[in-house]
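Chemist: Shown below is the structure under consideration.
The values are calculated or read from the model by the stated rules, or taken from the named source; none is laboratory data. Since we're looking at a predicted model, the values are computed, not measured. Please note: Cβ atoms are built from the backbone with ideal geometry, for glycine as well, and neighbour counts cover all protein chains shown. Side chains are part of the model used for accessible areas, which takes the heavy atoms of the whole protein and leaves out ligands, DNA and RNA. Shrake-Rupley method; radii C 1.70, N 1.55, O 1.52, S 1.80 Å.
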Amino acid sequence: MNIVPQFRIRDLYEKYGHLLWENNKHGQNAGAFLHEIEDITRRNGVDFRQNAAVDTIITDLRRKGNSNATINRKLAAYFKLLRKAERDGLIMKLPAYVRLPEKKGRVRYLSLQEEARIFASMKARSEQCFHLCEFLVDTGARVGEALSLKHADVADGAATFWITKSGRSRTVPLTKRAQASVERYAANPVGPFSNIQYQKLRYHWHEVKRSCSLEADKELVLHTLRHTCATRLVKAGIDLRRVQMFLGHQTIQMTLRYAHLATKDLDQCALALERQVENTETDASPEFEDA
């Protein structure tokens, strides 16, 4: 046996959950994932520490209609918990697992025309949510990062996001529009957008989609504002490494989903090839000359 028999996933989560995850939506999701995985292993009579458990979990989740991306997220929480138990000597060997391939979905972003329509509708419903949307597009911040922003986190024309999904803080320069959005709410007690409730923002977003006849567009979500920021940076010719730093992606692979939009960079490749051919033709000496 790799672990004391009375241990369950639930026990490990109660022991380590507060150390591995913050008390926020991400942490709550991790807890829900782990309880679901414990239920799967218990119902199927498999030991959650063994290789067979991984196959059972994947099979069960697929039967429920979970995509590979969703299964990967749930297993990431599972292995994060098991790795902590392994480091503390409670598990001698982790189950084997190869990350499942994920489909590269279309990156949904706003055109300038769509932005104008959506933002005008949002402004009519809630001026503060409208300014938050402007801030999100111009900073690439996640909604939670913007809502958690404190007044002290904004200085010298830049905003520092301390509470991030990756756990790493980052500082990004602010556009004039983003700076104005922050300054407009300088009198708020905690932060510029701290009094906005996430559920209320989502409600306004769905109503805006309906008013703009976009309710059928399932990919048009609040996170689209972050995609829009990344897309505009890449289209403007900003290299992917800087885009990665600006958005706070943990790996460059997360940023590569926008690489196909860098058409201007590819145009430079064709120009460079043409220049080499032209230079070769200019430098070449004729083999024969007229008598």
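Okay, residues lined up against (1) touching a residue at least 60 places away in the same chain (Cβ under 8 Å); (2) within 17 Å of E86 (Cα to Cα):
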position	(1), (2)
F7	yes, yes
D11	no, yes
L19	yes, yes
E22	yes, no
N29	no, no
F33	no, no
I37	no, no
N44	no, no
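Chemist: Please tell me if S148 is open to solvent by less than 60 Å² (accessible area, probe 1.4 Å) and either touching a residue at least 60 places away in the same chain (Cβ under 8 Å) or more than 21 Å from H249 (Cα to Cα) (or both). Full working, then the answer.
Modeler: Numbers: open to solvent by less than 60 Å² (accessible area, probe 1.4 Å): yes; either touching a residue at least 60 places away in the same chain (Cβ under 8 Å) or more than 21 Å from H249 (Cα to Cα) (or both): no.
In short, no.
Chemist: Sticking with this one: For segment 90-102, indicate whether the set of residues that are of a type outside the set (A, V, I, L, M, F, W, C), open to solvent by 50 Å² or more (accessible area, probe 1.4 Å) and within 23 Å of P192 (Cβ to Cβ) is non-empty.
Modeler: Step one: list which residues in segment 90-102 are of a type outside the set (A, V, I, L, M, F, W, C), which gives 93, 95, 97, 99, 101-102.
Still in the running and open to solvent by 50 Å² or more (accessible area, probe 1.4 Å): 93, 97, 99, 101-102.
The next check asks that each one be within 23 Å of P192 (Cβ to Cβ); those that pass are none.
Checking segment 90-102: not a single residue is of a type outside the set (A, V, I, L, M, F, W, C), open to solvent by 50 Å² or more (accessible area, probe 1.4 Å) and within 23 Å of P192 (Cβ to Cβ).
Chemist: From the list K93, K74, K103, K80, which one is of a type in the set (K, R), in contact (Cβ under 8 Å) with a residue 40 or more places away in the chain and assigned to a loop (DSSP other than H, G, I, E, B)?
Modeler: On the way: K74 fails: assigned to a loop (DSSP other than H, G, I, E, B); K103 fails: in contact (Cβ under 8 Å) with a residue 40 or more places away in the chain; K80 fails: assigned to a loop (DSSP other than H, G, I, E, B).
Being of a type in the set (K, R), in contact (Cβ under 8 Å) with a residue 40 or more places away in the chain and assigned to a loop (DSSP other than H, G, I, E, B) holds for just one of K93, K74, K103, K80, which is K93.
Chemist: When only residues in segment 192-213 that are aromatic (F, W, Y), assigned to a helix (DSSP H, G or I) and open to solvent by less than 90 Å² (accessible area, probe 1.4 Å) count, which is nearest to K25 (Cα to Cα)? Explain how you work it out, then say what you get.
Modeler: If we filter segment 192-213 for residues that are aromatic (F, W, Y), which is where we start, we get 193, 198, 203, 205.
Add one more test, that the residue is assigned to a helix (DSSP H, G or I), and what stays is 198, 203, 205.
Subset that is open to solvent by less than 90 Å² (accessible area, probe 1.4 Å): 198, 205.
On the way: Y198: 11, W205: 19 Å.
Ranking the qualifying residues of segment 192-213, first place goes to Y198.
Chemist: I'd like to check which helices (runs of 4 or more DSSP H) are fully inside segment 110-188 and have at least 1 residues that are aromatic (F, W, Y) and in contact with a Cys (Cβ under 9 Å, 6 or more places away or on another chain). Write out each step before concluding.
Modeler: Numbers: elements: 112-125, 127-139, 143-147, 176-184.
It comes to 112-125.
Chemist: For the structure I just gave you, tell me whether L20 is aliphatic (A, V, I, L, M), at pLDDT below 95, within 24 Å of M254 (Cβ to Cβ) and surrounded by 15 or more Cβ atoms within 10 Å (Cβ to Cβ).
Modeler: Yes: the conditions hold for L20.
Chemist: Quick check on my filter: what residues within segment 224-239 are open to solvent by less than 30 Å² (accessible area, probe 1.4 Å) and either in a loop (DSSP other than H, G, I, E, B) or in contact with a Gly (Cβ under 7 Å, 6 or more places away or on another chain) (or both)?
Modeler: Across segment 224-239, the qualifying residues are R226, C229, A230.
Chemist: Looking at (1) touching a residue at least 60 places away in the same chain (Cβ under 8 Å); (2) under 22 Å from V208 (Cα atoms); (3) not β-branched (V, I, T), which one does F161 not meet, given that it meets all the others?
Modeler: Of the numbered conditions (1) touching a residue at least 60 places away in the same chain (Cβ under 8 Å); (2) under 22 Å from V208 (Cα atoms); (3) not β-branched (V, I, T), the odd one out for F161 is (2).
Chemist: Right, another one. Which residues, taken from segment 153-186, are charged (D, E, K, R) and either at pLDDT below 95 or open to solvent by 30 Å² or more (accessible area, probe 1.4 Å) (or both)? Spell out the reasoning first.
Modeler: As a first pass, look at segment 153-186 and keep what is charged (D, E, K, R): 153, 156, 165, 168, 170, 176-177, 183-184.
Once the filter is applied, which keeps residues that are charged (D, E, K, R) and either at pLDDT below 95 or open to solvent by 30 Å² or more (accessible area, probe 1.4 Å) (or both), segment 153-186 yields D156, K165, R168, R170, K176, R177, E183, R184.
Chemist: A further question on this structure: Which condition breaks for E36 when tested against (1) over 24 Å from R168 (Cβ atoms); (2) within 27 Å of the chain's Cα centre (by Cα); (3) not in a helix (DSSP H, G or I)?
Modeler: It is condition (3) that E36 fails.
Chemist: Report, by residue number, each residue of segment 132-145 that is farther than 28 Å from A77 by Cα and either open to solvent by 10 Å² or more (accessible area, probe 1.4 Å) or small (G, A, S) (or both).
Modeler: Of segment 132-145, the ones farther than 28 Å from A77 by Cα are 132-135, 137-139.
Hits for segment 132-145 are E134, D138.
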